Each structure stands twice: as structure tokens, then as C-alpha cells.
Amino acid sequence: MSHEILLLTGTAASIGFFHTLLGPDHYLPFIMMARARRWPLIKTAWVTFLCGLGHVGSSVLIGAIGVALGVSVGKLESLEAFRGGIAGWLLIAFGVAYAVWGVIRAARNQKHSHWHIHADIGRHEHPHEHTEDHTHPHGDQKAITPWVLFTIFVLGPCEPLIPILMVPAARESTSGVVLVTGVFSLVTIVTMITVVILMTLGVNVLHLGKLEKWTHAIAGAIIALSGAAIQFLGL
């Protein structure tokens, strides 16, 4: 293995780590959904892993096709930028929609009164509030959210992968392409999972008190903001 490929592999690892760490869209959606949906840690890790796999896998596939067809780096980067725009807007749309649903859900859970009739004390009234535990979760609805995130992440590109992938391809080094791609993908996914798990553990110990019923709305707002960070700040 040439010194150039080893250097490029180290660069791929560094770029994968910092690209993931500096991109809030790589971890905030999972952290917030885990908190709002009360996902077990193992489910949170699996959803993050699958979305990360789809995220890097789509770029690897496009890069491989580009290499096979001899497409220029510029054209591939333009395609990745276009996909990034779509993913950013979809993340914003999902976040806004989820936030609106969260507001409606919280509003419906406001305190209200119920009248009860007892044989011994007669008719009386007492306040009642539908808390998170009192609601009846719908399995289908819970199953949709991970698939929405997966779809968005498949559409979301790993822009830094294309240029570092094309260097060994230009040298006609198949092993170099596989090594660089594998290291970049592994570091990206491991970084995503690590950050998500650590931050989820921290977020889960927070007691929001009266804001607890607004967790879905807050989660949606933060997801929308992370999409806006991609779209308008280039993070």
C-alpha cells in the first residue's frame, strides 16, 4: 500500500469525524426523537446506525457509479449539493410538521374538569390532566418516524466523500477506493452513534417539569432548526 493511500485514509478518517461532529443534523434529530418518543437506548442506537448507513451508503453508491462512468468530480459534487438541498428542506418540513403536531397534542392535554357521581358523597368535580403516560400510543405512528428519518438521511449526501474517493480512483487503485470509503463510512457512523448515545443519556436526566408535555413540539422545532443550519449555514 502506497504512502499516498495511507495519508488519504487518515484524511478520510479525520474528515468523517469532524464532518459529523460539526453537522448537527447528524445527531440532533435522533437525540430529540429519542427524548420525545422515549425510545430505549438500544432502539436509538439502531435507528442512528441504519440512518448513518443509508447516509454514507447513498454517497458511496453515487461515487462508485461516477467512478465507473468517468464522471468528473465537479458534476458529482453538484449532484451531492442538489441532494443536500432536498434533504435540508425535508428535514425542515418534517421538523415543522412534528412541532405543529406536538403543539396540538400538548394543547389537548391541558387540565380540565370531570364530574363524577358517587353513592356516598353524590356528584362532585375534580381537575384532570391527560399526561404522556395516560395517552394511548399508536404503533403505526411510532413506526413511521424512524422511516421518515431514514429516507431523509438516504437523500442527505456526504459531500466530503466524493473528492477523497476520486483520488485513489484516478490512480486506478481498487483497494485504495475500498479502504478510503470503508474508513470514512465507519468513522462517520461510529461518531454519529457515540454522540447520540452520550447526549441522549444527558438529555434523559433533564426534568422539564411543566414543559414535559411540550417535548414533541420542542423536538420538532430543534429538528427544523438543524435542517435550517444545513440549508442556510452550510453546516
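Here residue 21 passes the criteria (1) buried (at least 16 other Cβ atoms within 10 Å of the Cβ); (2) among the hydrophobic types (A, V, I, L, M, F, W, C); (3) closer than 19 Å to residue 226 by Cα except the one numbered (1).
Of the residues making up segment 1-48, not one is part of a helix (DSSP H, G or I) and either in contact with a strand residue (DSSP E or B) (Cβ under 8 Å, 6 or more places away or on another chain) or at positive phi (or both). When the residues of segment 55-95 are filtered to those that are part of a helix (DSSP H, G or I) and among the hydroxyl-bearing types (Ser, Thr, Tyr), the one that is surrounded by the most Cβ atoms within 10 Å (Cβ to Cβ) is 59. Of all positions in segment 25-42, at least one carries a residue that is among the aliphatic types (A, V, I, L, M), surrounded by fewer than 17 Cβ atoms within 10 Å (Cβ to Cβ) and modelled with pLDDT of 90 or more. Of the helices (runs of 4 or more DSSP H) lying entirely inside segment 128-235, those containing at least 2 residues that are modelled with pLDDT of 90 or more and under 15 Å from the mean Cα position of the chain (by Cα) are 139-155, 174-204, 215-233. The condition of being farther than 21 Å from residue 24 by Cα and either of a type in the set (A, V, I, L, M) or in contact with a His (Cβ under 7 Å, 6 or more places away or on another chain) (or both) holds for only one of 208, 198, 225, that being 208. Close contacts from segment 69-88, counting a first residue that is closer than 14 Å to residue 158 by Cα and a second that is loosely packed, with under 11 Cβ neighbours inside 10 Å and not small (Gly, Ala, Ser), with Cβ to Cβ under 9 Å and a gap of 6+ residues or different chains, come to 88/232.
For segment 217-235, the criterion of being surrounded by fewer than 21 Cβ atoms within 10 Å (Cβ to Cβ), farther than 28 Å from residue 85 by Cα and without any contact (Cβ under 8 Å) to a residue 12 or more places away in the chain is satisfied by no residue at all.
The values are calculated or read from the model by the stated rules, or taken from the named source; none is laboratory data. Computed from a predicted model, the values in this text were never measured in an experiment. Glycine gets a Cβ as well: all are built from the backbone with ideal geometry, and neighbour counts include every protein chain shown.
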